[in-house]
């Protein structure tokens, strides 16, 4: 099987993106630009003992998608412990709502947001009482 082992988020302003993901999700960043030959920062998204993957922020190589275009690529979804608190962090750090919070009945709360670079991502809080 081809298991997902890494992700890349394309960004226009590296410092702004690092601040956004660092403030909202607590990610740490390592400069891997020398290896990539372009601005490229590894995103450490959690401890090695936790389920999940690490990824990177990379300098966008072409114009960003325009508003209201369909998603062209993958949408990464981050697991969170407190949906509403995470949404507040997203909004206070310059993010916007793409698809408001909704219930996956009996499973979780889900929603989608737009980061400071125009990328769509999701957040997911498990909750068997969601309805």
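Structure values in brief
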| item | result |
| --- | --- |
| Filter pass, residue 64 being surrounded by 11 or more Cβ atoms within 10 Å (Cβ to Cβ) and part of a loop (DSSP other than H, G, I, E, B) | yes |
| Flag for residue 17 being farther than 30 Å from residue 130 by Cα and outside any loop (DSSP other than H, G, I, E, B) | yes |
| Scan of segment 82-94 for residues that are in a loop (DSSP other than H, G, I, E, B) and within 15 Å of the chain's Cα centre (by Cα), ordered by number | 93, 94 |
| Residues located in segment 73-96, provided they are touching a helix residue (DSSP H, G or I) at 6+ places or on another chain (Cβ under 9 Å) and under 20 Å from residue 13 (Cα atoms) | 89, 90, 92, 93, 94, 95, 96 |
| Subset of segment 22-46 [under 19 Å from residue 124 (Cβ atoms) and not in a helix (DSSP H, G or I)] | 26, 27, 43, 45, 46 |
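None of the figures in this text is laboratory data; all of them are computed from the coordinates on show. Note that the structure is predicted; figures quoted are calculated from it, not measured. Please note: Cβ atoms are built from the backbone with ideal geometry, for glycine as well, and neighbour counts cover all protein chains shown.
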